[in-house]
Amino acid sequence: MRTVNIACARSIAIKGAAALLLALALPGIAHGQVQGGQAEGGQAQDRPPNADPSFPFAREIEAFAKANAASPPVEGATLFLGSSSIRLWDIAGSFTDIPTVNRGFGGASTPDVLRYYRRLLPPTKPRTIIVYVGENDLAAGASPDKVAADILTLLKRLRNDYPRAPIAFLSLKPSPIRWTLWPKMAAINQAVAVRAKAVRFTYLDVGRLLLARDGLPDASLFRADGLHMKPEGYQRWTQAVDNWLDRVATTAAEKAS
């Protein structure tokens, strides 16, 4: 397994180097690739870029607003909020027994979520909230301290706005393409986890679910880009979140009795 994972990482690194050389030689093609998105959930290549570069996620935010206006508010929903690890998750198909709202947008950093915060929230109060964000911050060069501070700012804001809603933060995940960032991710996860009781959220360690027996990211759970998960990876996340939701429901029922 270690050999498989290392081979995957080497293959990704070689492809990345080749892409860089091509970008230097053909700037026009490189620009097209950037518009398509290689970050943690960039826009699909067949989608035109947002018109206003000062609002890089204008199209996604507009789509959320249209979704809110197109149908009645979802009462008692579980809100999934964050970057493309949320966006690419088949939320409705994975959690068929509860109402859900997906507010993930590809390439988002924690400052992006904070910037558009009010426009990301559903019209009605969510019953529970799941958050995954921070990975892109680190990949863009932010320090672990800054990333952890921004994540906690977001979680505190959600807690203040929804004082009774159970909130879960999903730990930053290891991946083949970003394995070199794992020590920093682990530091962020630890810094966030120790604040869980004070801020009143649950820290769910979903990163360990993606590791193989050799301690490296299990390449079989990731797409060819070495970053985004396959359905098999999401199945593991779904089980972990589903177990948490069951515990939350049980606790609520006990308090009500």
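The values are calculated or read from the model by the stated rules, or taken from the named source; none is laboratory data. Keep in mind that this is a model prediction, so the values were computed, not measured. Note: ideal-geometry Cβ built from the backbone for every residue, glycine included; neighbour counts use all protein chains shown.
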**OP:** Could you tell me whether Arg213 is exposed (fewer than 13 other Cβ atoms within 10 Å of the Cβ) and touching a residue at least 24 places away in the same chain (Cβ under 8 Å)?
**Re:** yes
Original post:
Filter segment 144-164 for residues that are assigned to a helix (DSSP H, G or I) and among the basic types (Lys, Arg); which is surrounded by the fewest Cβ atoms within 10 Å (Cβ to Cβ)?
Top reply: Arg157
Subject >> Qualifying positions in segment 187-199 - of a type in the set (Lys, Arg) and either touching a Phe, Trp or Tyr at 6+ places or on another chain (Cβ under 7 Å) or assigned to a helix (DSSP H, G or I) (or both) >> reply: Lys197
**OP:** Could you tell me whether any residue of segment 93-111 is hydrophobic (A, V, I, L, M, F, W, C), in contact with a Pro (Cβ under 7 Å, 6 or more places away or on another chain), on the phi < 0 side of the Ramachandran plot and not in a helix (DSSP H, G or I)?
**Re:** yes
Original post:
Does any residue of segment 165-186 turn out to be assigned to a loop (DSSP other than H, G, I, E, B), of a type in the set (Lys, Arg), out of contact with any strand residue (DSSP E or B) (no Cβ under 6 Å at 6 or more places or on another chain) and surrounded by fewer than 18 Cβ atoms within 10 Å (Cβ to Cβ)?
Top reply: no
Subject >> Exclusive hit being under 28 Å from Asp150 (Cβ atoms), surrounded by fewer than 18 Cβ atoms within 10 Å (Cβ to Cβ) and of a type in the set (S, T, N, Q), set Asn189, Asn243 >> reply: Asn243
**OP:** Kindly indicate whether any position in segment 68-83 is touching an Asp or Glu at 6+ places or on another chain (Cβ under 8 Å) and either at pLDDT below 90 or surrounded by fewer than 12 Cβ atoms within 10 Å (Cβ to Cβ) (or both).
**Re:** no
**OP:** Would you mind stating whether Gly141 is surrounded by fewer than 21 Cβ atoms within 10 Å (Cβ to Cβ), on the phi > 0 side of the Ramachandran plot and at pLDDT 95 or above?
**Re:** yes
Original post:
Residues of segment 160-171 being in contact with a helix residue (DSSP H, G or I) (Cβ under 6 Å, 6 or more places away or on another chain) and in contact (Cβ under 8 Å) with a residue 40 or more places away in the chain, which ones?
Top reply: Pro166, Ala168
**OP:** Would you please list the contacts, defined by Cβ atoms under 7 Å and residues six or more apart or on different chains, that run from a residue in segment 124-147 that is closer than 21 Å to Asp97 by Cα to a residue that is of a type outside the set (A, V, I, L, M, F, W, C) and assigned to a loop (DSSP other than H, G, I, E, B)?
**Re:** Thr124/Pro73; Thr124/Glu75; Lys125/Tyr162; Pro126/Tyr162; Arg127/Gly76; Thr128/Pro166; Ile129/Tyr162
Original post:
Can you name the residue in segment 221-234 that is in a helix (DSSP H, G or I) and either among the β-branched types (Val, Ile, Thr) or touching a residue at least 60 places away in the same chain (Cβ under 8 Å) (or both) and, of all such residues, is surrounded by the fewest Cβ atoms within 10 Å (Cβ to Cβ)?
Top reply: Pro231
